[in-house]
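Step one of this worksheet: look at the structure below.
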Amino acid sequence: MTPECPLRCRYCYNVWKAPGAAPADPAPLDVRAVAEAVAGARPSTVTLTGGEPLLVEDLPHLAAFLSSRGILTGVATSGLLLDRRKAEDLVRSGVRRFEIHLPAADPEAYRRSAGVDGFTRAKAAMLAVVASGAGLTVSHVMTGGNRGEVSGVIELAFALGAAAVALNRFVPGGEGLRHAEELTPTPEELPRILSEAGEAARRFPVPVHVTIPVEDCLLPHDRHPGLNFTGCRCGREKWAVDPRGGLRTCEQNPEVLGSLLDRSFADLADLPAARRFRGAVRFPACEGCSAFPDCGGGCRIAHSGTAASPPATREGMVSSPGLQTRQSRPTDTTPPARER
């Protein structure tokens, strides 16, 4: 809804923060017209996000409009501008769920990751959401720079009454491209982070979802009980729409298919670029794999290089999708043997 945000996260994936990207236009043509176009596509859910959507004055009216059309409406926010009064106002407007980003579970680690002192405000926002009666999902980005934080995030989410935790593995894009070498988990780090998360999920019973997929053949899901792995839904069940109506297959995909103000969702979703995105898989054998329904071939942005502006791979940083090692070696195009 807006590119403006109070956080300064080094791993931010928003495409307008990529090196050399054109500045995002903060002024939409007509937010209500875009909302009507989105509602015309008959989605079951819409999440209002940014940047920071709480900076948009029309947010309660947009939420009320979408809710009136029978759409489950949510807000994804840093929480830094959300107090109990605002949470209750948004709930009265029809918002039924909030997603609050939590980079870390203590103030100093939060500041290192987000670039601002926001931990206390984010924690207060979570309490405000729970008190309002809305559902709360706590989101966290797993990076090579915040390993050791995931357990505390899950524990705090449970303690504050969150309905779920969403773990997003870092995929270089936007501002994250400037810090990819430091922040991208290595093939050894990501399994350790997920093991820590799985152990925390068993101790603190809150559903924990790994929401940016990784292929089961590269990181066997059954080694991490307690975590819910999902496949890529982008370009199928999930789409991104900017404030000017531009439709993209994924939040991290800079390619705009066209505007919903000019063409129907059905037309844009059937364009060759959208079909290519849906059909992209890491390995030729993916679609015949028994795990494909669960992992969906992994994150298309991570293995396509779409989010990582050229060159897509860098010398010394070539490896499996979204996992990087600091040893230069050829890219393997054959899926590893799966251990079942």
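What to note about this one:
- Listed by first and then second residue, the pairs with beta-carbon distance under 9 Å, at least 6 apart or on different chains, first residue in region 8-19 and open to solvent by less than 50 Å² (accessible area, probe 1.4 Å), second acidic (Asp, Glu), are 9/175; 11/175; 12/175; 14/175; 14/251; 15/251; 18/175.
- Leading residue by the ranking (farthest from the chain's Cα centre (by Cα)) among those in region 192-215 that are crowded, with 21+ Cβ neighbours inside 10 Å and closer than 13 Å to residue 299 by Cα: 215
- All positions within region 178-221 that are outside any helix (DSSP H, G or I), under 30 Å from residue 22 (Cβ atoms) and in contact with a Pro (Cβ under 8 Å, 6 or more places away or on another chain): 184
- Some residue of region 216-235 being of a type in the set (D, E, K, R), without any contact (Cβ under 8 Å) to a residue 24 or more places away in the chain, surrounded by fewer than 16 Cβ atoms within 10 Å (Cβ to Cβ) and within 27 Å of residue 273 (Cα to Cα): no
- Filtered by the rule that a residue be part of a helix (DSSP H, G or I) and surrounded by fewer than 16 Cβ atoms within 10 Å (Cβ to Cβ), region 157-177 gives a lone residue, 159.
- Among (1) open to solvent by less than 20 Å² (accessible area, probe 1.4 Å); (2) touching a strand residue (DSSP E or B) at 6+ places or on another chain (Cβ under 9 Å), the one test that residue 101 misses: (1)
- Identity of the residue in region 117-138, outside any helix (DSSP H, G or I) and touching a Leu at 6+ places or on another chain (Cβ under 7 Å), that ends up nearest to residue 99 (Cα to Cα): 138
- When each of 104, 87 is tested for being in a helix (DSSP H, G or I) and under 22 Å from residue 140 (Cα atoms), the lone residue that passes is 87.
- Evaluation of residue 301 against (1) in contact with a helix residue (DSSP H, G or I) (Cβ under 7 Å, 6 or more places away or on another chain); (2) in contact (Cβ under 8 Å) with a residue 40 or more places away in the chain; (3) buried (at least 20 other Cβ atoms within 10 Å of the Cβ) (one fails), failing number: (1)
- Enumeration of residues in region 20-36 that are open to solvent by less than 50 Å² (accessible area, probe 1.4 Å) and either under 22 Å from the mean Cα position of the chain (by Cα) or modelled with pLDDT of 75 or more (or both): 21, 24, 31, 33, 34, 35
Per-residue answers, yes or no, for (1) assigned to a helix (DSSP H, G or I); (2) surrounded by 16 or more Cβ atoms within 10 Å (Cβ to Cβ):
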position: 39; (1), (2): yes, yes
position: 42; (1), (2): no, no
position: 50; (1), (2): no, yes
position: 62; (1), (2): yes, yes
position: 65; (1), (2): yes, yes
position: 74; (1), (2): no, yes
position: 79; (1), (2): no, yes
position: 82; (1), (2): no, yes
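The values are calculated or read from the model by the stated rules, or taken from the named source; none is laboratory data. Computed from a predicted model, the values in this text were never measured in an experiment. Neighbour counts are summed over all protein chains in view; Cβ atoms, including those assigned to glycine, are modelled from backbone coordinates with ideal geometry. The protein model used for the area step is the full one, side chains on, heavy atoms only, and it has no ligands, DNA or RNA in it. Shrake-Rupley method; radii C 1.70, N 1.55, O 1.52, S 1.80 Å.
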